[in-house]
Amino acid sequence: MKPLLNILWLGLKEIRSLLSDVVMVVFVIYAFTLAIYVQATGTSSEVNNASIAFVDEDGSALSKELLNAFYPPRFMLPEIITAADAQADMDRGRFMFVVVIPPRFEHDLRAGRNPDIQVNIDATAMQQAGIGAGYIRNIINDRIESFLKRTEESGPKPVQLVIRKLFNPNGISSWFKSVVAIINQITLLTVVLTGAAVIREREHGTLEHLLVMPLSSFEIAMAKVWANSLVILIATGVSLLVVVDMVLKVPFAGSVLLWFAGVVLYLFFATALGIFLGTISRSMAQFALLIILVVLVLMLLSGGSTPVESQPKWLQYLTYLLPARHFVSFSQIIIYRGGGLEAVWRQFLMVAAVGVGFFAYSLALFRKSIAVTQ
């Protein structure tokens, strides 16, 4: 009973120490509110209000039909420019796309000569340019086909492909990015809070005070684990309710309690990683450099930013040992697909196994560090 009371009081000390650090409190609030909102809505892989211009050297009814086929929100209203101004306007960044319709385009098309339309693309924004080029190709082909047939209706096709999306039917990118942002912030903030607590105690001399008390290294480490995990859990819950649910309107398909159970398992690993990095670091600056080397790599290899399947085979086998990969995996299964425990128990087991093993190693290193300090 006494070790549990020691862990409880040490954890309360950790929470009071964190609340007294105004900069760290502001950082936690920002990371789980504004940072998630900005990451979810600030960037998008969709084409939205792309600037487009037409060089109409034909002046036919068909060229005017093509001009009127582009409108918001995918594209801005097209502008008519001359061929001499096209290159200069693209160099100045006025237009992302410039469509050049050659002379006698409609006449040659009706005569069966298959004339070409030139589409100039500013590919400095590679993803937007690639998606926008596909949109332009489809719009122009559909408009030309309907113009030549004099009707918007098309006959029945041999195979009708009907696509139904179970989650996110409109393809809103913020629905995916907000969840990935929460996952990344959980990883980053848990490691930062725990590691910073270890370094702060060493720099302020608090660790020496703890050493003269009848406390074990396990009690000191477990106090940091539950205190910092509780702070992250509360911040995650508030972020999920306020930012993701109320502001971004992202639906949660699965069980919230099941997902939070998985978060608790992952926090056990993340706090152990924070203790490990805080133990081997000799200063806060050195700890910050290790965060860049370790935590950012965990985020990149977790499968949240890019699919794990797109990585080299040897790297996929290596990431199987990273709890961050399994955290992202069971989060996607629960949140997006509504999966239950039978679908995620393997990921839960892997996160727990690696977390316990790494915590044991970090605790042994922390105990050795305390022994050296004594």
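The figures follow:
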| item | result |
| --- | --- |
| Using a Förster distance of 25 Å, the FRET efficiency for residue 104-residue 139 (Cβ separation, nearest 0.05) | 0.70 |
| Packing rank of 300-312, 342-354, 326-338, where each peptide gets the mean count of other beta carbons within 10 Å, highest leading | 326-338, 342-354, 300-312 |
| Coordinate range along principal axes, alpha carbons of the chain, Å, largest first | 95, 46, 41 |
| Rounded percent of accessible protein surface that carbon and sulfur make up, the range 280-344, 1.4 Å probe | 70 |
| Packing rank of 92-104, 176-188, where each peptide gets the mean count of other beta carbons within 10 Å, highest leading | 176-188, 92-104 |
| Mean accessible surface per residue for the range 190-329, computed with a 1.4 Å probe while every protein chain stays in place, in Å² | 44 |
| Percent carbon-and-sulfur accessible area, the range 37-183, ignoring ligands, DNA and RNA, probe 1.4 Å | 53 |
| Computed E for residue 238/residue 119 - FRET, C-beta separation, R0 45 angstrom, nearest 0.05 | 0.45 |
| The chain, relative contact order [Cα under 8 Å, separation at least 6], % | 19 |
| Residue-normalised accessible area of the range 1-90, given per residue in Å² at a 1.4 Å probe | 57 |
| Two-site label geometry, residue 360 and residue 5: point separation in nm, points 7 Å out along Cα→Cβ | 3.1 |
| Percent RCO, i.e. relative contact order, over the range 50-131, from Cα pairs under 8 Å lying at least 6 residues apart | 36 |
| Neighbourhood net charge (13 Å Cβ-Cβ; Lys/Arg +1, Asp/Glu -1) for residue 58 | -3 |
| Spin-label proximity, residue 230 to the range 254-272 - amide N less than 15 Å from point 7 Å beyond Cα toward beta carbon | none |
| Cα→Cβ-extended label distance, 7 Å offset, between residue 305 and residue 57, nm | 4.4 |
| Distance (nanometres) between label positions extended 7 Å along Cα→Cβ at residue 294 and residue 34 | 2.9 |
| Three principal axis lengths of the range 106-153 [C-alpha, angstrom, descending] | 37, 24, 9 |
| Highest-first arrangement of 29-40, 278-289, 1-12, where packing means the average Cβ count within 10 Å | 29-40, 278-289, 1-12 |
| Under the Debye formula (equal points on every Cα, no solvent term), log10 I(q)/I(0) of the range 9-158 at q = 0.10, 0.21 Å⁻¹ | -0.51, -1.30 |
| Solvent-accessible area per residue, Å², over the range 96-188 with all protein chains present [probe radius 1.4 Å] | 64 |
| Total charge dipole magnitude, the chain, about the Cα centre, Cβ charges on Lys, Arg, Asp, Glu only, Debye to nearest 20 | 1280 |
| Cβ-derived FRET efficiency at R0 56 Å, residue 49 paired with residue 218, nearest 0.05 | 0.45 |
| At q = 0.19, 0.27 Å⁻¹, base-10 log of I(q)/I(0) for the range 198-278 (Debye sum, equal scatterers on each alpha carbon) | -0.88, -1.30 |
| Per principal axis, descending, Cα span of the range 164-317 in whole Å | 65, 36, 24 |
| Isotropic mean projected area of the C-alpha convex hull, the range 68-221 (nm²) | 18.3 |
| Partner lysines for residue 149 [C-alpha distance under 29 Å; skip if fewer than 8 residues away on the same chain] | 64, 157 |
| Ellipsoid equivalent to the range 63-145 - semi-axes via the Cα gyration tensor, in Å | 22, 15, 12 |
| Degrees, to the nearest 10: 2-20 long Cα axis against longest axis of the chain | 50 |
| C-alpha long axis of helix 341-373 to longest principal axis of the chain, angle in ° | 50 |
| Helix-derived mean residue ellipticity, 222 nm - over the chain, DSSP H n ≥ 4, -39500 (n - 2.57), to 500 | -21500 deg cm²/dmol |
| Residue of 168, 48, 114 that the Gaussian network model of the chain assigns the largest fluctuation, springs spanning Cα pairs under 10 Å | 114 |
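The values are calculated or read from the model by the stated rules, or taken from the named source; none is laboratory data. Not measured: the values here are computed from a predicted model. Glycine also receives a Cβ, built like all others from the backbone with ideal geometry; neighbour counts cover every protein chain displayed. Side chains included, ligands, DNA and RNA excluded: accessible areas come from the protein's heavy atoms. Shrake-Rupley method; radii C 1.70, N 1.55, O 1.52, S 1.80 Å.
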